[in-house]
Structure formats: C-alpha cells, structure tokens
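Just so you know, all these numbers are worked out from the coordinates, no wet-lab data involved. Values in this document were obtained by computation on a predicted structure and should not be read as measured data. Note: ideal-geometry Cβ built from the backbone for every residue, glycine included; neighbour counts use all protein chains shown.
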Amino acid sequence: MSINENRQQVTIDANEAAAYVAHKTNEVAAIYPITPSSPMGELVDAWAVVGEQNIWGMAPIVREMQSEGGAAGAVHGTLQAGSLTTTFTASQGLLLMLPNLFKIAGELTSTVFHIAARTVATHALSIFGDHGDVMAARTTGWAMLFGNSVQEAMDFALIAQASTLRSRVPFLHIFDGFRTSHEVMKIEKLTQDDMRAMIDDELVRDHRRRALSPDHPVMRGTAQNPDVFFQSRERANSYYAQTPGIVQSEMEKFEALTGRRYRLFDYIGSPDAERVLVLMGSGCEAAEETVEYLVARGENVGLVKVRLFRPFSCEHLLAALPQAVKTIVALDRTKEPGSAGEPLYQDVVTAISESAMSGDSRFSNTPRVIGGRYGLASKEFTPAMVKALFDEAKKPVPRNHFCIGIVDDVTFTSIPYDPDFSTEPADQVRAVFWGLGADGTVSANKNSIKIIGEETPNYAQGYFVYDSKKAGAVTVSHLRFGPRPIHSTYLIQRASFVAVHQFNFLERYRVLDTAEEGATLLLNSPYAAEEVWDHLPASVQQEIISRRLKLYVIDAYAVAKSAQLGVRINTIMQTCFFALSGVLPHDEAIARIKDSIKKTYGKRGEPVIRQNYAAVDAALAHLQEVQIPAAVTSLFDLPETVPAEAPKFVRDVTAPLIAGRGDALPVSAFPVDGTYPLGTAQWEKRNIAKEVPVWETDLCIQCGKCVMVCPHSTIRAKVYDKPSLDGAPDSFKHMPAKWRELADQIYTIQVAVEDCTGCRLCVEVCPAKDKSHAARKAINMQDQLPIREQERKNWQFFLDLREGGSNLRFNTVKNVQLLQPLFEFSGACAGCGETPYIRLLTQLFGDHTIIANATGCSSIYGGNLPTTPYTVNRDGMGPAWSNSLFEDNAEFGLGMRMAVDQQAAYAKHLVSELTDLIGEALTISLLTVDQSTDEGIKIQRECVNALKARLGGAKSPKVRDLLSVCDSMVRKSVWIVGGDGWAYDIGYGGLDHVLASGQNVNILVLDTEVYSNTGGQASKATPLGAVAKFAAGGKTTGKKDLGISAIRYRDVYVAQVAMGADDAHTLKAFREAEAHTGPSLIIAYSHCIAHGIDMSLGMNQQKLAVESGYWPLYRYDPNLAVEGRNPFQLDSKAPTKLLKDYIYTEGRYRILQQSDPASARALLEQAQESVLDRWHQYTQLAALEPRPLAV
Amino acid sequence: MDLSTEYMGLKLKNPIVPSASPLSRGLDAIRKLEDAGAAAVVMYSLFEEQITLDSFYIAYYLTHGTESYAESLNYFPDVYSYDIGPDEYVNLIRRAKEAVDIPIIGSLNGVSAGGWTDYACLIEEAGADAIELNVYYIPTNPDMPSSEVEAMYIDTLRSIKRLVSIPIAMKLSPYFSSTSYIARRLAQAGASALVLFNRFYQPDLDLERLEVAPRLVLSESDELRLPLRWVAILYGRLPIDFAITSGVHTYQDALKAMMAGAKIAMMASELLKNGLGRIEEILAEMTRWMEEHEYDSVKQMIGSLSQKHVAEPAAFERANYMRTLGSYRTAV
C-alpha cells in the first residue's frame, strides 16, 4: 500500500492507529487493561482527559472497570441506552466478555470492539500474539474483521464502525498482538472528514432510536421457552447474510475517499496461480512480500488475505481464488486440539466442497486444501516458511494438518524450511540495536523511526523485542526503512547496521548473528578505538573479520556522564546511528534529533532539554572508527550459558532459552502439560549489577535486616560450626555468631554478586555505621567486576555450608535471616517491594506451602520462563506454585485447600482402617501430632516417612491409596498471592467469597496500589490524589479499605503490614496469619517502580507511609476475641508527619503537583483529612472494650 | 507620624517588608500581607536548583523502568505539561500586581549565571517592581580562591543587569573575607541595594542516626546584631540602599535597623511565629516610640547611629569586641 503524499503521514503503532478512530467515532469507552491492548484504552483515556473531541464535538466518557467482564457489561448497558460505545481487549479479557458478546449480537447492537489478538493461556500464559482468543469468540455472532498492518488497523477500525452501524451486527476489529499492535510504522492518517464521510449520522440516530428509554419504553432480554427461542435466533439471519455485502460496500466507499482498496478477500499474486495461501492477520504481510518475490522469479503462486472472517462469505472467497488453483494452503494462527482442522482451514474446505458439490465449474479442477498452524504466541512467520509451504503444495501428496516454524519431532507434523531463504531487499536499511531497558535504547529508536518516517520520503518500520526480566532487561530494536513499502512482519534477518549499546552483551549474546556482509557495527565501548579489539571475544573478532564489518566505538557512558545523563545513553547512540546511517544530512539529522528531544522532553522542562542537547552535541566528537586487524587475537570467548554441573533439563532446555535460542528447541524438549522443575533461576548468572553490596564484619550487628529486605534473595546469612570453615576461600568472610543460643558458632553474610541487581535496599536499611566514618556501614556498595571471581567461589562455599541454628525459634528478624529462602533470583524489578514478602513466606513456610498466584507481577517474576525462582531445600521440598488466571485466584487457592483437606481426611481415614498394619503407636502419632509449630510439622513428616517405610511392601488397594495421599497428613499451608488489581478489583468477588468461607487459607495481597504489571493503571487500591493511568488527573476517590471489609467477617485474621516500617511486625503478622485456622488476609505495602520513586529508598517510603498515618499497621486476630480481648491491635504510632511529607517524595503525587497544582492541593487536603479520619476510626476500634465472654 | 521610606527608588508607606518566605505563597497570602500593613512584599524565592531538579525528577519518573518489559512500557500517563519552569511563580507576580497596591519584589535564588537568569526577564515582564537576588553559595572547594567566589557574585549580578531595567537588590551572606569590598564591587556593578544577611539554614547532626539532618530554625532578635553592625559600617560609604533581614522581631529591632542605616526592615520569622498582626503592632509601637522621642519621620532616623554618625565609631570595629568580652567577664 503506497502512501499518498498529500495526506498527513504519521509513524505510530496499531494500538494508536485503532484507538484514534475509536476515540473519534464513539461516545463512551468502558475499559480494562490487558496486554497487548492496554495502550488503546490508555490513549483514549488520555485524550479524553485533555478534552480531545470525537467527530461530533464531544470528548468521550472513558471509564475503567473492575474487569473485562465488567467492561463488557458496562458497554452492553451504554449500547442499550443508546450511546456509541467501544472497548479494547485481548486474550482472557475477550473470554471474560463472551457472555456479553452473545447478548450484544443477539440484540443486533452496533458496536466495534478493538482486539489486539493474543494467545489464550493453556499450559502456560503467554502475552504474545495469535488468534486463540478471537477464534474462541467466533460463535458469538460478531463480525470479525482482520487488519494485517498498522495502516489497516486504522482503516479497518473505521470500516468496521461504518459497517456495524449499517448492518447492526457488532464487529470485532482484530489485529495481531505485538506484531501489529506494537509495530511502529509510517502510515497515512485518516482525517476527521474521512470519518464524517464514512459514518452515516442517520444510522447513529437509528442506533439511538433503538435505545431503551422510558419515553418510548420497550423490553429486551426476556426469558424464552422452547416454543420461540429457536425461531427468534433464526430471525436475524438476513442481517448476517447482508453483512459481507455491507462491508464490501463500505470498503468501496473508503477506497473512493482514500484510494486504499480493500476486498473481503484480497488476492495477491499470479492471476493463474496454482498454489495459493489463505490466511489472515499480520502473517499476510510476510506472505505478500514472499509471493511478490516468488512471482517476480516466475513462480506460479498467490495469496488470499482474509479480511472478513465472520460472517464468512464462501462466495467472495471463491471469487477471489484464481481459476487455475490446484492446491490451497489454509493457515491458522491458532490451535484447536482434537478438531478436524483449525477454523480457517475448515471454512475453506467447506467453501471448496460446497462449491464442488453444487456443480460450480469455476475451477479447472476442484482444488485440494491443506491446512496447518503457524505463529502461535508470536512465533516468527517468515518468507522462508511461506516458501516452504508453497514448495510443500507442489508435492503430489502434501502434508496436511501441519505445523510451520517449529520442529515437531514427536508427532512429526512440521514442515521443514530453509532459514537462509530471504526476501529482504537490497535497497532497504535494516538496523538492529541491542540495549538495556534502562539505557533508553527503545525510546531513542522509536524517535528515530518517527524522524525517518515523518521527515524523509522513506517508508519506515520499528519493532521492539523486550525481556522476560524486569531488572536489567535487555531490549532488541529492529528498524527498517527504505524507498518501498515494507511488508516484513518478522524480525530482521540480515542487518546492515548493528548497534550494541552494552559492551558486556558481546559476551552474553550472539549479537552479530544478523549482521550481513559489510554491515556497520556500532559499539558503546569503555575502550577507545585503538584498544577495543583486544577486549572483543574471539568469535566476535572472527565475525567482524569474516563478514568485513565496519566497526565504530563510542564511550557513550562517558559522554552521558559529562552531560549528567546517568545511564541514559539513548540520544548519544541515536546521534551516532544517524551519522553512520547517513539517512539524513548531518546538520538536518542533528536538528531533527533535537526537535524530537524537544517534543519528547519539552513538557518536562528546559533543563532536561538542555541536558540532552548537550549530549547530542558532544556525541559525534567521541565517535571513532576502529581499524580492523587481519586476524583473530583474542584468547577468550563467550562462556557457556550454564555450568556443566547444572541438571540435565537446565542444560538441555533452560540454557538455550537463556541464550535466546529457544526457537530452535524441538517439541520433544518440552513437558507435555506445562509442568516445570523448580530452582532453575540459580543457573542463570546475569551479572547485571555494576555495584554490589559488600559485607563488613567489623561493623555488622547481625540484625538480619539486609537479608530481610533483599528482593532477589541474593544476601544470605548462615551460622555454622568452626570446622565447617576448613577449605574456605581466603576471601571468605566470617565472624563469631552473636546469639546466646549459638555460642562458638560462626556467622557469615554472603552476597550472590552474579545474581544481585544492585538495588541498594540492603545498604539503605543497614543500621550499623562506622563510628569514625558514618558513611561506612556494615553493608556497602562496591564495583562488582573486581570481586566477581572471588565472590563466585565464596558463594559456592557458602551454599555448601549446612544451615545451622535449628534450635532457634524463628520468630525474630534476626533468627529468620538464617532460614533458607525458597524463592531466589527472580525477574522482578531491582528494588522490588513485593518480593521481600514472598521470600519471607518461603523462608517461614516454604517446605509445606502451596501457592495460588494471581496473574500479575508476582506471576511473571514468579513463573515467566526461561527460569523458575521458586526452589527447594536440601530435602527437595519447597513451594508448589501455580497460576490459574487473574480473576479467579482466591477460588483457585480455596480449591487447593479443599483438595488437600480432603486428601488428608481420606489419609487419616485409611490410617484408622489400617491400624493393624501400621501399628497403634504410629497410628496415634499420625492422627494426633500437633502441627501448629515447625517442630510439630517435622515430627509428622517423620511419622509419614515411617508410615511409608512400614507400608512399603504391602500392595493392597487401600495401602496403595494411602501411599498416594499420606503426604497430605503433613500440614499444608495454602497461600493465595496476588496484587491489588486482583484483590481489590477483578478478583474481589472471589476473594470476598473465600474470606467468607471460614477455610484455612492465607491471602497475601502485595499492594502496589496500581496494576503494576500492565504499566500502572489505577485500581481501587490507588490512593486519593495519586496519578495513575486512567486517573491522569489524580485519583479523586479514596482507596478501598480492604482490611476493614474483611474484619467485618469477624473470623478472618487481618493484618496490614509494611516491612520497611516495621519488619518485626511483618514477621509477626505472617506467623499469626499462618497459624490462624480460618481465612487470613495480609495486606502488604509494596513500594513499586510505578510509584515514581528512587527504588533504593523503597523501604524508607514504607516508613514514611506509616509515620504519616497513611498506612497504619494493625492486626486483627479473631483468636483474641475468643480469649475475651480486643481483637484489633493498632501497631503503629499516631501520625508524626504530615501526609505531604510522605506523598511529595513520590512521583505519582508530584506529577500532579507539577501539572495541576490547584487540584493537587485540593486532593491533598482531602487525603490528609481522610488519613486523620481513618486513624481516628482505627484508634476507636483499638480502644473498644471487648464484649464480656458469655458465661 | 511619617513612617514612609524609599528603598531602591520605591516609595514605601513604612519600613516593614516581609522577606522572601512562604508568607508570599499564593495570591490570598499576598493580599493578607498588604492588609496587615506590609509596605512591600519580597516574594518567596524561585530556586534555580528547584527548577532544574523538578525537571530532572519529572523526566526520571516518566522514564524510569520504561521500555523494558513488554507489558509495562511506561508507568504514568504523559498527558500534561508540567509546571517546571517559573510559570506559576511569574503568574503569581502578575496576578499580585493586579490585586495589590504595594510594590512586589521578585526573588531569585541560585548559584550560576546560567539559564535561570532568564527568569529575571520573566519576573520583570510580569510587572515586578524589583528583584532580590539571593546567591546562596557555599564554597566548599579548598582550591577555590575567595576572589573567584566574589567574581561569581559580580558576574551573576552583571548578567542580570544586562537583561532587566528594574532595580536589583543583592542578598548576601555574612561570610566574605571583606564584606566592605564585595559591597562596593556590587554597588559598582549596579546593585541598587544590599540585603544583609541571608540566614543559611545550617544543617544539624542526628546523633541517633549518625546523619546530617536539615533543620529549619526561625531567627531570634539576637541575630539582628550582625546585620546591624554591617549596615552601620557600610551606610553612607556606598551609593546604595540597605535592608536588614534576620532578627527583626520587635519595634525596637525595626528602629535599630533604621538607625543603623537600613531603609527597610525585613521580617519573616516573627510573622510566621506570631502572625501577620505583628506588622500593625510593630508599626504602632514604632509610632508611639517616635512620638515619645519626638521624631517626625523614619527618614530622619535612617543612619543616625551608623558608624559615620556615632560618637564612637570604633564601637563597630574590633575594639567593640574587646569591650564586649570585658563586660562579659565583669558580669561573671
């Protein structure tokens, strides 16, 4: 699709493209965040906040709901009441909307939902793109219109809107998640006039006329009996029959306006093609590029792009196919296990079969149809795969029901392809940038592609690949630009420019894999041009020489430092890219970069602009070309991803994933049901911290606070006996243990420097200061590199030491530090405020815990491959963990509880029945051991082991049954863990039900007061006055008091904790909650990157929250009421600080203070009042005289 | 009684002027100061570092952790313009000029002759009658000679003088090797007044946390004596006005300030502690005292006890120190 020079061209992604039309052509939006569709809702909300109007001159109302189910319900309501309404969703979100989709379609209601199509969670969650979600909605009666590119996402949003108004059939406007939703592309922007021309206001008025109104009342939503329901369902047939024709006519109207021609089924390729591919979504673009390439080389092939999938018009499909077609390859980006074929394949087969059966003679011979799957969860779909499919179609008996893009060595469904086949044109610049999230690489590249797209005649495309980890996240940017339209919906395979923004990536990743012959390599290097060569790994040197790469270096960090930009090297590297790529003349490039800096940072004040300008001006003076030697000289190379002693699974599966080579793993490498071993995070040594904590034995008071706050469990403490020190490395530090109970024992704090993220939380909480040099503490930060090798050995020695102190009571922070964390080295943000609570949970209860984890940050850092941070102790026991969904986590956990209890009851029943076999003493023990303490659990475990030993030889069904359930007699602690988005919003109904169940479950709410994982959208936990997405003007309602709601059940243990304010209190609450035999709820203040804080001060923020009275610490223990005491204990002191002294240390509040001071002042006043009110209420509760016990 | 005075060419109805402080935050607050009898208002300070830091902080908040993880490419809605520059401050001056009749003096607090000097233009454009420049600089670098420090003050003043035509007062710290010399240099560089002295908020030490702890302590009357001495020494020697700030709490303090040579007495701590009503009380008490002592006007007493006019000029110099110590020993 070429660009019309007379129209405005913009370089945006498909989310923005679709949201733009949705905003202009709707009156209301009810939204809920879900990846990858969230940006659409955020944009529409942001535009509404600043009063951006729709085509009727009104700013739409935008309302965030508590779930997608809620959003769909609200949309249904607004539609029924006559407003044009939209929403945006994906994946599970769309599934939650299904009931309303059926209703809205059944009522023939005009609306368009914009879907960034995403994988539905099955054996695992995936945030990436395929058609699993929309295919689950294909029976709802909604039209389904697929846009394949960013331009089409904008165009089809409008065509769908026009078509739904005319047809009355609701539309799902679909484009591929990430590949299209997040691809930045130069497109032509539709105008307000285009939209006015496409939207027929009379149809809008018809929509309103159908609305419910007491002025002309009707009923909808009746209940119907067998006599009429069926007929009523058939009554709407004509509307569906007309819809394809309506869409086609709207497409034609659109063509007349814009010149862009679309058909329900667009055909590309040779007019007499014998082999034709049929597919929909972004894969069509790669297929189009390949078809054009092959046709130009004489191949007789073609492509049908399916635009309107529902209602499926066989007639239009048949008309689109060339008459000569012999083999049709129907491709589905979804999997329907157990089906006769995937949905599009089945529809194509039906169309061809019906045509043949009806005696239609349009084809020379009835073509055969083969079908298969591609691209699940954003798996790459490349021209090489398309070529392989055309080759397969040529065979006399091509494979049917195949897979393409993977190696299926189990059921042998995959079609092989030649990965070296490429259609990437010579007149296109392809640039790949390896960066860190923190260094701003992606931001700079988004700006670059905008500059190229909007300031040059080039077509431009940008796509960005992100990390699974949030700390030290690696990003890879793929930028293409050139004189012809770009259809390459796949990652760059042959780059003419490679930039490596972090020097150590050379030793971690195969960054030059994509570099083509003669490509330019730009390296951010601490070494100057004349010395850098000797610091390159041998294989990198080899690749540079053999591919004749041109190498340039710049010490971007030095330039950034002089411009006071810290680690943000983005504008510096961007300037070098423009200079080396030559896409613009030098002065113009600099001017455009500065313009874009002004555009990007302008709102943030002149000083930031000046700072970045200075970096741009300084950059080129530091750029140096390296003279490439003729031979490889390096004596070192990329190290092995994991050590040889790693378990087989880690070596064979985890290691390739870590190294970014997961695509090459065959089907057989994976578990059949998504079950993964624990403890694999320990094998991935990321070395992301520049500075790490170092322990000072002369100052340490062994308080354990550093261990307590460490978000990644990289600081550990052990006590052990002196002889264990034999063989210790010379640099291994130790000191006498300061416990009365542990006389003569030795104490060590050891840091896993290769796993540390360098967050500094430990240093900030360390209370021990040097009396002669107060800046020196018992933990201080030092450069990691010089101590890496020695500390690697020390860490290994430390791990091998046996944990001591088992005679201690683990009810103090000092003692708990000695417990092994069974959660380590997660992918959480550096300085995360959530993970210290999870680590504590695993230290205290990990060996007998099952965790139900709501979707969100904690499920991502807890369970996102490649590695698993939950781990096991020496005996192989540890937390068993699972994630069901976002909305059902409380119920999921309750289910676990019921299962465990039922099995334990059955086991005890069998034990009673088999007393003769087991023996009376063991039976009594098994049935009566008090397991309320760690010691009791240990005794019961020994009893169960004794039982197993005793029953080992017996084979009766009852014995075998008992052996299958006897472990359940060891008390299991069920923890239901999730964030505030789950607990306060989407999962609240279930949470409330579980709290009311009386069952023994422990609920841990990691309250960050926003949806952190999806980028900081407001939840009902978001405080008054804080800025969040969907609360851009500062939240105007207060935070829900979840704790008090739970307290009203009276049998629920409730605690509100903040580790940074009082770690002992947190520990006490965890202990009491777990001991409580009914439901318990811990609401844990979790500082978060979404608060706009210096994360190293996170624990201090928690302290301020408590000291200001914003976050009172309390415990409500129903067991005290039983003893005749007041169950409510207010554990923090009356506020000693004003609320402003806390909140204005956080960006989420300061942003409002600086964007709208008057509102900020008003909200602060309300918020301060509400703090005092709540404190007053709590003090009243704490002062209540308990009701006298009944006699 | 004629309480009027003239400061930097501004005709003031009396010599009591609230100094740069939170007292002038907001239009209502400025109106209240006028109603309370203040002769002019020195606005709260526009801090150079605040503007720079606000800009950096906002940029940091909006970029930290962004574009790293596919589900959370950013964390905040970026829809607003941020009030990071001097807009709010300048608007307040503009509105204050419309709302009150007394002169409004803008206050700039900074250390460099960089971009913030542009703000002086904006303050002038907004209608301010004068600018008070508070160069709050703590020279900690042992390699930096005092001449360099002094040059920085002069350069800053000159760079602003080039940009604006309204009078500029320099607020100084007492920590110069030669206060008289720097005063003369500043007068030559175009300062219309010297405001003596800036009170540095000296940091405190927290013994429990072993940390440096910032602590704001309001002034006491005793602190008047340092500016009193220097105004008295400088009065009449330089073609420049003086204002005394720090330690003005009572009508006696105000009278002493005038007699030492100040054209105005600036107050903040007393008003923060005891309310704006103190202005009227002090003015009334001044009037009563002046009537009792048969003064006709404030102008009459300005500089009457300056070094130039006292019977014993050495009282302001080292001899006074010796005598003070002597009297202390006698008392013991």
Which ordering of A:421, A:171, B:242 is given by a fewest-first count of other beta-carbon atoms within 10 Å?
A:421, B:242, A:171
Rank B:43, B:170, B:301 by mean-square fluctuation in a GNM of chain B with C-alpha springs under 10 angstrom and give only the top-ranked residue.
B:301
Please list the non-local residues whose amide H lies under 5 Å from the amide H of residue A:1028, H modeled 1.01 Å from N, same-chain partners needing a gap of 5 or more.
A:1034, A:1035
Cα centroid of the stretch A:1114-1141 to Cα centroid of the stretch A:686-715, whole Å:
32
Could you check what % of the DSSP bridge pairs in chain B are antiparallel, to the nearest 5?
20
Can you give me the C-alpha center-to-center distance between the stretch A:825-876 and the stretch A:584-630, rounded to a whole angstrom?
42
So what is log10(I(q)/I(0)) for chain A at q = 0.05, 0.07, 0.08 1/Å, when the Debye sum runs over its Cα atoms only?
-0.37, -0.75, -0.99
From the Cα centre of the stretch A:756-777 to that of the stretch A:97-126, the distance in Å is 52
Summed residue charge, Cβ within 13 Å of residue B:101's Cβ, Lys/Arg positive, Asp/Glu negative:
0
Give me the net charge of residue A:181's neighbourhood, meaning all other residues with Cβ under 11 Å from the Cβ of residue A:181; Lys, Arg count +1, Asp, Glu -1.
-2
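Among DSSP beta bridges whose residues both lie in the protein assembly as shown, state the antiparallel percentage, nearest 5.
Details: 64 of 173 bridges.
The antiparallel fraction comes to roughly 35 percent.
Rounded, prolate or oblate: which fits the stretch A:378-437, taking a ≥ b ≥ c as square roots of the Cα gyration tensor eigenvalues, rounded meaning a/c under 1.5, else prolate when a/b beats b/c? Could you put the intermediate results ahead of the total?
On the way: a/c = 3.95, a/b = 1.67, b/c = 2.37.
Verdict is oblate for the stretch A:378-437.
Could you tell me whether the stretch B:5-307 comes out rounded, prolate or oblate from its Cα gyration tensor? Rule is a ≥ b ≥ c as square roots of the eigenvalues, rounded for a/c under 1.5, then prolate if a/b exceeds b/c, otherwise oblate.
On the way: a/c = 1.77, a/b = 1.56, b/c = 1.14.
Cα axes put the stretch B:5-307 in the prolate bin.
Using a 10 Å cut-off around each Cβ of peptide A:1146-1154, what is the average number of partner chain Cβ atoms that fall inside?
Working: counts 1, 8, 3, 0, 5, 9, 2, 3, 11.
Mean shielding by partner chains, rounded to a whole number: 5.
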Hey, got the Cα dimensions of the stretch A:668-736 along the principal axes, in Å, largest first?
53, 29, 22
Which number comes out as Rg/Rh for the stretch A:676-819 once both Rg and the Kirkwood Rh are worked out on C-alpha atoms?
0.95
Once you order the gyration tensor axes a ≥ b ≥ c over the Cα atoms, which shape class does the stretch A:1009-1183 get: rounded for a/c under 1.5, otherwise prolate or oblate by comparing a/b with b/c?
prolate
Within 10 Å of each Cβ in B:47-54, how many Cβ atoms from other chains are there, averaged over the peptide?
3
What net charge is computed for the residues neighbouring residue A:356, neighbours being all others with C-beta under 14 Å from the C-beta of residue A:356, Lys and Arg scored +1, Asp and Glu -1?
+1
Helix-only mean residue ellipticity at 222 nm for chain A, each DSSP H run of n ≥ 4 adding -39500 (n - 2.57), per residue, nearest 500:
-11000 deg cm²/dmol
³J(HN,Hα) across the stretch A:534-546 via Karplus (A = 6.51, B = -1.76, C = 1.60, θ = phi - 60°), whole Hz, x for Gly/Pro?
5, 9, 8, x, 4, 5, 5, 4, 4, 5, 4, 5, 5
What FRET efficiency would be calculated for the residue pair residue A:916, residue A:946, taking the C-beta separation as r and a Förster radius of 22 Å, to the nearest 0.05?
0.85
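Could you tell me what fraction of 2.2 N^0.38 Å the Cα radius of gyration of the stretch A:264-415 comes to, as a two-decimal ratio? Write out the running numbers ahead of the final one.
On the way: Rg = 14.2 Å, N = 152, 2.2 N^0.38 = 14.8 Å.
For the stretch A:264-415, the normalised Cα radius of gyration comes out at 0.96.
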Placing each pseudo-label 7 Å from Cα in the direction of the beta carbon, residue B:180 and residue A:774 end up separated by a distance in nanometres of 4.0
Within 10 Å of each candidate Cβ there may be at most 11 other Cβ atoms; applying that plus a DSSP loop requirement, which GluC sites (Glu not before Pro) in the stretch A:460-565 survive?
A:530
If you average 1/r over every pair of different alpha-carbon atoms in the stretch A:268-356 and take one over that average, what Kirkwood value in Å do you get?
13.4
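How well do other chains shield peptide A:604-617, expressed as the mean number of their Cβ atoms within 10 Å of each residue Cβ?
If you average over the peptide's residues, the count of other-chain Cβ atoms is 5.
Order these by the 10 Å Cβ neighbour count, fewest first: A:915, B:5. Show your work: numbers first, answer last.
Values: A:915 14, B:5 25.
Lowest to highest Cβ neighbour count: A:915, B:5.
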Between residue A:237 and residue A:81, how high is the FRET efficiency from 1/(1 + (r/R0)^6) when r is the Cβ-Cβ distance and R₀ = 41 Å? Nearest 0.05.
0.90
